[in-house]
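J.: Let me begin by handing over the structure; questions about it come next.
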Amino acid sequence: MTRARAPRSRTAAPRVPILRTRPRPAALSVLILATLLLAVTGCAQRSSTTPPGVLNVGQISNSLAFFPLFVAEQKGYFAEEGVKLGERPRLGTGAKVAAALKSGSIDLGAGVMTDALNLARIDDKGRLVANLVDRYYVDVVVGASFTGATPSDPLDQRIRALRGKKIGITGPGSGTEALVTYLFAKTGMNSATDSELVNLGSTAAAALGALKAGRVDALAFFQPIAQQATAAGIGVRFISPAAGDVPGLERTSHGVVFTTQRIIDKKPEEVAAFQNALGRAQRFIHQADTAEIIRLLGVYLKGIDPKALTELPALMRSEIPESIGFPRSSFDAAIAFHRTTGLVKHLPSYEQIVPPALRANAT
């Protein structure tokens, strides 16, 4: 098959013309980090700008990983534990979450492990705060007219069927790009030259619209994108690490909350209260009546097709841990994944980035 000549886009939305550039994954990672460093020049040592008792929390989007934050708000857990959440911006990409954290405009960032590791690379005081999802919760979804392989074919065949295709991701340096990079590397391909990655942002509706219109052939996107595509009749789940499709990613720390040691030192009581509230929310997700979880999800995922909601409670209970700690095995799996992708260099150790209180089954 002829290789695609425009593997990587710089589009902010699917209707903007795709730039015909071909940066390598490692070079792109350096570029992202350089952009982050420029964004925080002059404020690298800034700490929290919020008053006592308040935490600003920025997150990428309203994906399933951040549902525990919503539950903790709705159930009043944050207030009961003694912390008030201030601004809650949805920042679209992990790089923006990290930049906002470094600038002091937010105290905690809700993103993926890729974001936390990238922050730790340029700031040795980067720290993890909570484990939100202990599986890689990005799915590859293909359109209804996709050919070359089916979801029941062997994994290698499915990956090779993506060669030369336009694949929608949230953005460069993201966990969605990382999955495509990892899958292609497993079969000896290079996503930078053997596919065309199209940056769609973090809005599920825009991604689904691009798939339906044929602007992309496939999506690598956060859950519940597969459920939404199936309910709308425009696509099917093709590869799902969380479902056990990808050996080595059965259990891996992925959705996380992270910060810096400076914030922890300045606001220890607020951070501890946040962690207690989040732990309560994660236990609630496992223990609450399924109908109540579906009701809350319907509010959280505004506009989602009701048909897509039915399988989400069981899905979340298999992926969201009941405690916020980081098992050593899950952390090591995440490190191995990022070493393979090459998107994060100089990976931190477990002891460096995971505070002692969060080291679950560390030995």
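The values are calculated or read from the model by the stated rules, or taken from the named source; none is laboratory data. Computed from a predicted model, the values in this text were never measured in an experiment. Counting neighbours? That spans all protein chains shown, and the Cβs are built from the backbone with ideal geometry, glycine included. When the accessible area is computed, the model is the full protein with side chains, heavy atoms only, and any ligands, DNA or RNA have been set aside. Shrake-Rupley method; radii C 1.70, N 1.55, O 1.52, S 1.80 Å.
J.: Once the Cα atoms of helix 175-186 and of the chain are each reduced to a long axis, what angle between those two axes, in degrees from 0 to 90 to the nearest 10, is obtained?
T.: 50
J.: Work from the charge dipole of segment 159-250 (Cβ charges, +1 for Lys and Arg, -1 for Asp and Glu, about the Cα centre) and give the residue of LEU211, LEU183, VAL198 farthest towards its positive end.
T.: Highest projection toward the positive end goes to LEU211.
J.: Where the only charges are on Cβ atoms (+1 Lys, Arg; -1 Asp, Glu), what is the dipole of the chain about its Cα centre, to the nearest 20 debye? Mind showing how you got there, number by number?
T.: Numbers: 42 positive and 29 negative charges, 260 e Å.
Approximately 1260 debye in magnitude.
J.: A further question on this structure: Ordering LYS165, LYS266 from largest to smallest accessible area (1.4 angstrom probe), what's the sequence?
T.: LYS266, LYS165
J.: Starting from the Kirkwood Rh over alpha-carbon pairs, what translational D in µm² s⁻¹ does segment 216-356 have by Stokes-Einstein at 20 °C and 1.002 mPa s? Before the final figure, lay out each step's value.
T.: Details: Rh = 17.6 Å.
The calculation lands on 122 µm²/s.
J.: Also, quick follow-up: Here is the link list: LYS75/LYS266; LYS75/LYS267; LYS84/LYS267; LYS212/LYS307; LYS165/LYS212; LYS165/LYS302. Which ones come out longer than 20 Å on Cα distance? The partial results should precede the final answer.
T.: Values: LYS75/LYS266 27 Å; LYS75/LYS267 23 Å; LYS84/LYS267 12 Å; LYS212/LYS307 18 Å; LYS165/LYS212 15 Å; LYS165/LYS302 30 Å.
Exceeds cut-off: LYS75/LYS266; LYS75/LYS267; LYS165/LYS302.
J.: Taking the alpha-carbon centroid of each part, what is the distance from segment 43-111 to segment 227-247 in angstrom?
T.: When both Cα centres are located, 29 Å separates them.
J.: What is the angle, in °, between the Cα long axis of helix 25-39 and the longest principal axis of the Cα atoms in the chain? Nearest 10 is fine, range 0 to 90.
T.: 40
J.: Another question about this same structure. Grab the DSSP H runs of the chain that are 4 residues or longer, score each as -39,500 (n - 2.57), total them, divide by all residues and round the 222 nm result to the nearest 500 deg cm²/dmol.
T.: Numbers: 17 runs with 156 residues, N = 363.
When only DSSP H runs of four or more count, the value is -12000 deg cm²/dmol.
J.: Now a separate question. When only Cα pairs under 8 Å and 6 or more residues apart are kept, what is the percent relative contact order across the chain?
T.: Details: 743 pairs, mean separation 94.4, N = 363.
It rounds to 26 percent for the chain.
J.: When the Karplus curve 6.51 cos²θ - 1.76 cosθ + 1.60 is applied with θ = phi - 60°, which whole-Hz ³J(HN,Hα) does each residue of segment 111-116 get, with x for Gly and Pro?
T.: Per-residue couplings from phi come out as x, 10, 4, 4, 5, 5 Hz.
J.: Separate question: Take the eigenvalues of the Cα gyration tensor for the chain, scale each by 5, and report the square roots as semi-axes in whole Å, largest first. Write out the running numbers ahead of the final one.
T.: Values: eigenvalues 193, 113, 69 Å².
After diagonalising the Cα gyration tensor, the semi-axes are 31, 24, 19 Å.
J.: Along the Cα→Cβ direction, 7 angstrom out, place labels at ALA144 and ALA243. What is the inter-label distance in nm?
T.: 1.9
J.: Still on this model: Below 10 angstrom from the Cβ of HIS286, what's the summed charge of the other residues (Lys, Arg +1; Asp, Glu -1)? Provide the component values of the computation, followed by the final result.
T.: Details: positive: ARG283, ARG317; negative: GLU322.
Counting the neighbours of HIS286, the net charge comes to +1.
J.: Computed FRET efficiency, Cβ-Cβ of ASN190 and ALA288, R0 35 Å: what is it to the nearest 0.05?
T.: For ASN190 and ALA288, the calculated efficiency is 0.20.
J.: Considering the options GLN228, GLN287, THR150, tell which one lies farthest towards the positive end of the dipole of the chain, charges being +1 on Lys and Arg and -1 on Asp and Glu at the Cβ, about the Cα centre.
T.: THR150
J.: What number comes out for the charge environment of ARG359, summing +1 per Lys or Arg and -1 per Asp or Glu over other residues with Cβ under 10 Å away? Write out the running numbers ahead of the final one.
T.: Values: positive: ARG328; negative: GLU351.
For residues surrounding ARG359, the net value is 0.
J.: What does the C-alpha gyration tensor say about the overall shape of segment 42-111? Classify as rounded when a/c is under 1.5, otherwise prolate if a/b is larger than b/c, or oblate. Show your work: numbers first, answer last.
T.: On the way: a/c = 3.24, a/b = 1.25, b/c = 2.60.
In terms of gyration-tensor shape, oblate.
J.: Same structure again: Which FRET efficiency, nearest 0.05, do ASP153 and ALA231 yield, Cβ-Cβ r, R0 30 Å? Let's see the in-between values first.
T.: Details: r = 23 Å, r/R0 = 0.78.
E(calc), rounded to 0.05, equals 0.80.
J.: How many Å² of accessible area per residue for segment 73-121, probe 1.4 Å? Intermediate results must be reported in sequence, preceding the final value.
T.: Working: 1680 Å² over 49 residues.
For segment 73-121, the per-residue accessible area is 34 Å².
J.: Here is a further query. Within a Cβ distance under 11 Å of SER253, other residues only, what is the Lys/Arg minus Asp/Glu net charge?
T.: Numbers: positive: ARG135, ARG251, ARG328; negative: ASP134, ASP332.
Local charge sum for SER253: +1.
J.: Oh, and also: Counting other Cβ atoms within 10 Å, keep those with at most 16, restrict to DSSP loop, and tell me which trypsin sites (Lys or Arg not before Pro) in segment 95-150 are left.
T.: Details: sites: LYS96, LYS102, ARG121, LYS125, ARG127, ARG135; in loops: LYS125, ARG135.
Of the trypsin sites (Lys or Arg not before Pro), the ones in loops of segment 95-150 whose Cβ has at most 16 other Cβ atoms within 10 Å are LYS125.
J.: Where the accessible area of the chain is counted over protein heavy atoms with a 1.4 Å probe, how much of it, in %, is carbon and sulfur? Kindly include the intermediate steps, with their values, before the conclusion.
T.: Values: 7390 of 14100 Å².
Ligands and nucleic acids excluded, carbon and sulfur reach 52 percent.
J.: Using a 10 Å cut-off on Cβ atoms, rank the peptides 109-118, 349-358 from the highest mean neighbour count down. List each step's numbers first, then the result.
T.: On the way: 109-118: 28.0, 349-358: 14.4.
Final packing ranking: 109-118, 349-358.
J.: With the contact rule set at Cα under 8 Å and sequence spacing of 6 or more, what percent relative contact order holds for segment 249-363? Don't skip to the end; give the middle numbers.
T.: Working: 71 pairs, mean separation 40.4, N = 115.
Dividing the mean separation by the residue count of segment 249-363 yields 35 percent.
J.: Now for a separate question. Relative to the compact globular guide of 2.2 N^0.38 Å, what is the alpha carbon radius of gyration of segment 45-158, as a ratio? Could you put the intermediate results ahead of the total?
T.: On the way: Rg = 17.8 Å, N = 114, 2.2 N^0.38 = 13.3 Å.
Normalised Rg, Cα atoms only: 1.34.
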